[in-house]
1. Any residue at all in segment A:28-47 that is at pLDDT below 90, surrounded by fewer than 21 Cβ atoms within 10 Å (Cβ to Cβ) and within 14 Å of another protein chain (Cβ to nearest Cβ)?
2. I want to confirm something. Restricting to segment A:456-474 and keeping residues that are among the hydroxyl-bearing types (Ser, Thr, Tyr) and touching a residue at least 12 places away in the same chain (Cβ under 8 Å), which single residue is farthest from residue A:429 (Cα to Cα)?
3. With the condition kept exactly as written, say whether any residue in segment A:94-117 is over 24 Å from residue A:140 (Cβ atoms) and either touching a helix residue (DSSP H, G or I) at 6+ places or on another chain (Cβ under 8 Å) or surrounded by fewer than 13 Cβ atoms within 10 Å (Cβ to Cβ) (or both).
4. If a residue must be open to solvent by 10 Å² or more (accessible area, probe 1.4 Å), part of a loop (DSSP other than H, G, I, E, B) and in contact (Cβ under 8 Å) with a residue 60 or more places away in the chain, how many such residues does segment B:167-194 contain?
5. Could you tell me which numbered condition residue A:475 fails, if it satisfies all but one of (1) outside any helix (DSSP H, G or I); (2) among the hydrophobic types (A, V, I, L, M, F, W, C); (3) facing chain B (nearest Cβ under 10 Å)?
6. Could you list, in sequence order, the residues of segment A:263-313 that are at pLDDT 90 or above and among the charged types (D, E, K, R)?
7. With the condition being within 11 Å of chain B (Cβ to nearest Cβ) and more than 24 Å from residue B:235 (Cα to Cα), I'd like the helices (runs of 4 or more DSSP H) fully within segment A:385-431 carrying at least 2 qualifying residues.
Amino acid sequence: MEYEPNDYQKLQIRRYAPRSIRETAEGKYWRHFKTPIVSKQFGAVSHIDFCQQYPFDLAVTASTRVILYNGRAPNVVGRTISRFKDVAYSGCFRSDGRLVVAGGQDGIVQVFDANSRSVLRQFKAHKRPTRVARFGADKLHVLSGSDDVTARWWDVSSGTQVLRLDGHRDYVRAAAGSPNSPDVWATGAYDHCVKLWDLRAGNSAILGLDHGAPVEDVVFFPTGALAVTAGGNYLCVWDILGGGRLLKRLDNFQKTVTCIRLSPLAGPESAAAPRMLAGSLDGHVKIFELDSFRVTHASKYPAPVMSLGLSPDCRLLAVGLADGTLSVRKHARPKVVPGAPGLPKPERKYQRRLTAANYRYFIRGQSSRAAATDFRVLRQRQARLQPYDKLLRRFRYREALDAALATRQPQVVVSLLEELAARGGLVAALAGRNAEGLRPLLRHLVKYIGEPRYTKLLSNVGHRLLDTYAEVVGASPAVDRLLRALHNRIAEELGVMGQLAQLAGVLEPLLAASLAAGAGI
Amino acid sequence: MVGGGSISKRSGTLSGDGKLILCPCGQLVSIYSAVTGSRVGVLAGHTDEVTCVMLDPEDDDQVYTSSLDTTVRLWDYRAGSELRRLEVREPVKYMVVQKELGVAYFSVQAREGSPRVMLYNVRTGKFSGTALKTRSARPLALSGMGTLAATIDRHSLFVWRTGVDIYQPLNLHHTKPYTCLAISADNSLIAAGDMSGRILIWRSFEHSVPSALRQGEHSGKAHPTQQPPLTTVHWHAHPVGALTFSQDGTYLLSGGEEGVLVFWHLETNRRSFLPRLGGPILGLHPSPADPAKYLVRMAGNIIRVVNTATMKVETTVLGIKMAPEALAPPAGINGGGVAVLAAGSAAALGGGGGSGGILALSCNNAELQFYDIVRDQHLKLLQVVPRNAVSSSEPTTSLVASSCGGGFSGPAPVVVLLTFSPDGSVLATVDVRPDAGAYGSTEACLKFWDSAALVKSTSQCITGAPFKLNTRVDEPHRDVVTSLVYHPCRHMAVTTGGSGLDSEFKVWIREEQRPETTAAATPALMRWRCRSISGYKSLPMTAAAFSSDGSVLAVAAAARVTLWDAESNTLVAILPAAAAGPAAVVGPTAATPLTQLQFIPGTPFLASSSTTCLAVYNLLTVTLHWCLPLHAMSISADAAYGLLAVAIPVIAEEANQQQQGAALAVATAGPAKGMTAAVHQRPQAASCHVVVFDPRDSTPRYHCHVPGAARVHITHLQAPAAAAGGTSGSGEGADGCSPLLILRDNRQYSLAAAPGSRALVNPATSQGALERVPAVSALEAAFGRPDKAGGSAAPMDTDVPASAATVPGVGGRPRWADLFDAPSHVLPPPAVLANSFLKLLTCTDV
């Protein structure tokens, strides 16, 4: 028949509507950059550069040194290049990762061996601090920009200056090489100008773009047709091939944008467009989608963002802050890009035997299908009960409540309290506790009584608790402390409520007036 | 026809071969198959409630039945024929029959004097001279050998030897009231359960029972000179509900409110359990055929056959379940706890039954029961809130109270509102569950269910739940949810509710929800969401109704009715508050909140009911059409004939005042003397009237009296003829009436139909049949109103000025404003009003 005495039915855990507004694929992807490895540097992290070769080492420039971290183990302190007399700037890898170039406060541009850290070349023409130095795409030249308002083009093999680029009227702070041609460079300076140079044409800019604010960073698109400049609290997207037309201005920051990076691979699987990351002194790193130039994700950092870097395989996201913190986050599920540089698979030398050392040994054969001739022994699988369910089944209400509190899941506690109320066992569950037994309950109350979805129930439980234990208040200092904490929590919540009520009172006439105005129009 | 009723409240029995279950069900004895659990027959003949069914000890094919109609009858239950009738002259509550001596003991609830246990000689048909007086009629027990009989009476357990007379019974006293008793087959043990859950077992007590009437002593009660050895065992947390010994006397079986069958091994006092039976146990009856089987009666109108050898339930018979205590009987607030799945759409349930519709009822433990109306049979259960049926830990009132309520007491979750989509494919429910509040606070939860996959026959689909949960909405409104209605053509539902200024109604629609993964193969899920929220002047929204084509949504805002376009969520019109009677019009508090709204299909009328007024609005003119000062408990619209049925309680004082009217109206209640006696016993409203109106005017068409029910809920069923062929016979169409389901507060129901109509009503059971009454006289009879039935506004002209002058202004309003506080159609003409208006303006103080 239908209505047999059935098995014990598990406690139904209440499920609430998810609290996040809308989880997008984009947000999910960027949230998967987890577990920041935080390392403290000696000064503000002014520049971060990832090597283009596996294992994608990163060069972090902070204070008077450039530190090279291994891309596979960014938590291990890397090799330090400290051959600077003063503050170092702009530590950059060559594209093959074997050389590092860095500028300095003293104006000397130095080229190091990435492995031995020995100084290979020193370019000493700049008179003022050199804030930017980059290797050319041909691996043989270095472009440096300095506060003496010049940029210089050096030959690494001979160690001499090839060209001096004059034209800026203020500090040169940014430089980027075009991906189309090794001879085309863009430099940005504090005179609000971005100049485009063709080094074959000599010492005159072929294009000048007015950013409108001191330029902090310049980046070319992978195609080379567009370029992005950062300066002030906005970004500008320029059509270089179209003669320097301003395509878009992105005003998404509160303070000066300090760094931009482009990554063709970043973003969720479904997204095809490249992503742009921009960090700002307001502590935000925002991710732009470059089809529509919309912000798809933003993350907040505790200090002004000075520099950032994304590894070419999009596995590591490094952000340097003004307070000297370097935060490196690893993506939980990095994309496997076919053809992208990666670790070659180690060849397995021998076939491993399945032994009892492996869990799979014990579940082997479970998925194999029974043959027609096999005799089947049907065994009913017992439902596994949670500790609170086991106790509830035996009508031990107080212990069940303790077990639910031990799970530290508020929805479990709420469900159990409701069930106890329906069974009329709430009094039995709450009463008869000593100080030790009261504490977890009170701690739960203090923690969750302010959450709107639990407030109604927990305030009722609190009432009952106080009714029950009113006589013994003062007997245990620990319980008294928690009661005081509960009192403070409620007072704080009431204060917030009062403020909100005041705010609502202020807003109401304004809304009414605006509605009336709208109706009048 | 009559259906429903409790089958487990009174003691039943298994047949001699153990294949049939016989149990009292109202005035009938229902016979169920112990194999399939379906009903195979009835024994009809008693004219009042049957209290006890027991096998004739001499013949296994015959049963004795006792009844409150003062007779005990002997039946051949296989043939269904009555063999003998014993006239007891008093209502019999319990009985046992002794085989050898041919005597029977009856525990009678005497109509005059105290209850007593009487000895009746079955062979001679005579009573013995002495009777044992008790405080209340309580169960009797007879030992297996038939030499000892016993009964309990509050703190006393009386045991006496069977014979031609009741000698001085042995009195075993206990400090707690006894609830049940049992004597083992070999007379060696007697067990009794008490209110505290203890079970007392006396051993070798037989010699303590006085063997014969001692000379010179009265046949009073004897206290034992030497107490027999007593063992007390205690497991039950609540009063012990039932006790019985196994046939070999090695086990004692006990059951109580916990819903656990406990087996006591008497040698070792070890216990074993059969838990989670699903309701308080009211009775245990051993099977005469198989010593391992027992009939277990449980409070949720459940009878189970339990096999103690396998510790399994073999058969379950479910009757109609009682209304939970949290729900106002019989159907909850405004009848929301009951819905009828129409005959055409009943296929959605997957059952083969339901030719006359399926009744969905809210029961204890947040279950829904689906009940075949015509076949009077349980179909399915749906657990709305998955939860174990456990007894409350807090002390309950008494076992008797819980058995009447039909389930576990305590603030268990319960379904308060339910409704079906017109095709029966979607079920919407609102259940409330208690939160931990000390002050009885509850939280509501709105759920939408999809019909489970249709299964071909009843026997196959019996295991599956009939509906699957689709969407769950916690706390759809801030506080209470007052009504839930479904759109007649679309998948759209409307709930009203909220408290105070947050009162509102919400429109819920079903729409596709694309799964997050963009795989095209997965079908789109249909989910429910709230589309819009509306309110009207922060008035409490108490009821809602859709018109039959779904174009108009009527929502009751306090005493007013607001009409909305459900598609565009716009307010279309507001109907004025109806007020009936001269006093009601003038007083500012005249308008009581409406409890129910009902569009009458096929007509432009909308009916509304409140506790003081029944009103019908004409939607073409947006005015009040007529109203009557009636407390309509329940209203229902007849879709096929365009009629309105109203259930009205008879208040006791009114019943006294309207003696003549009641006598006229209550044709079936017998002479007026019986009526007064009934009124005297029960000062509460004891009966109801069901009146069918034609909405075009306020004259009643049909009338039916429902005796013995304080509250009823009425619903029209679709008549098969009307559903199939429409109103083919125009003569009948104009004059007929769809069958009307009248559900009483004890969940018994009757089907009433217009006389002469070939509906599914059995004409033999004339109780529910509507009798045609002359219109005006019936209204007078029912309500004792000498005024003209049609003219609700007629007496207003003279009353208004006179009473208005004495009523002071309320709430700072000028007093003359009260003069106009009435719908325009009831206001007197201006010429009449002007005089009193000027009078009120000029007079400064009252």
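The values are calculated or read from the model by the stated rules, or taken from the named source; none is laboratory data. The structure displayed is predicted, hence computed values, not measured ones. Every residue, glycine among them, receives a Cβ derived from its backbone with ideal geometry; neighbour counts consider all protein chains shown. Accessible surface areas use protein heavy atoms only, side chains included; no ligands, DNA or RNA. Shrake-Rupley method; radii C 1.70, N 1.55, O 1.52, S 1.80 Å.
1. Scanning segment A:28-47, I find at least one residue that is at pLDDT below 90, surrounded by fewer than 21 Cβ atoms within 10 Å (Cβ to Cβ) and within 14 Å of another protein chain (Cβ to nearest Cβ), so the answer is yes.
2. At the first step, the residues of segment A:456-474 found to be among the hydroxyl-bearing types (Ser, Thr, Tyr) are A:459, A:468-469.
Still in the list and also touching a residue at least 12 places away in the same chain (Cβ under 8 Å): A:468-469.
Details: A:468: 11, A:469: 13 Å.
For segment A:456-474, the residue satisfying everything is A:469.
3. Start the filter on segment A:94-117 by keeping residues that are over 24 Å from residue A:140 (Cβ atoms), which leaves A:105-106.
Next, from what is left, pick out any that are either touching a helix residue (DSSP H, G or I) at 6+ places or on another chain (Cβ under 8 Å) or surrounded by fewer than 13 Cβ atoms within 10 Å (Cβ to Cβ) (or both): none.
Within segment A:94-117 (the criterion being over 24 Å from residue A:140 (Cβ atoms) and either touching a helix residue (DSSP H, G or I) at 6+ places or on another chain (Cβ under 8 Å) or surrounded by fewer than 13 Cβ atoms within 10 Å (Cβ to Cβ) (or both)), the answer is no, since none of the residues qualifies.
4. Matching residues across segment B:167-194 total 3.
5. Here residue A:475 meets the rest and fails (3).
6. Answer for segment A:263-313, where residues must be at pLDDT 90 or above and among the charged types (D, E, K, R): A:282, A:286, A:300.
7. Numbers: elements: A:387-393, A:397-407, A:410-423, A:426-430.
Those helices (runs of 4 or more DSSP H) span A:410-423.
The rows are residues; the columns are (1) open to solvent by less than 60 Å² (accessible area, probe 1.4 Å); (2) of a type outside the set (Asp, Glu).
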{"position": "B:29", "(1), (2)": "yes, yes"}
{"position": "B:35", "(1), (2)": "no, yes"}
{"position": "B:43", "(1), (2)": "yes, yes"}
{"position": "B:48", "(1), (2)": "no, no"}
{"position": "B:54", "(1), (2)": "yes, yes"}
{"position": "B:58", "(1), (2)": "no, no"}
{"position": "B:62", "(1), (2)": "yes, yes"}
{"position": "B:67", "(1), (2)": "yes, yes"}
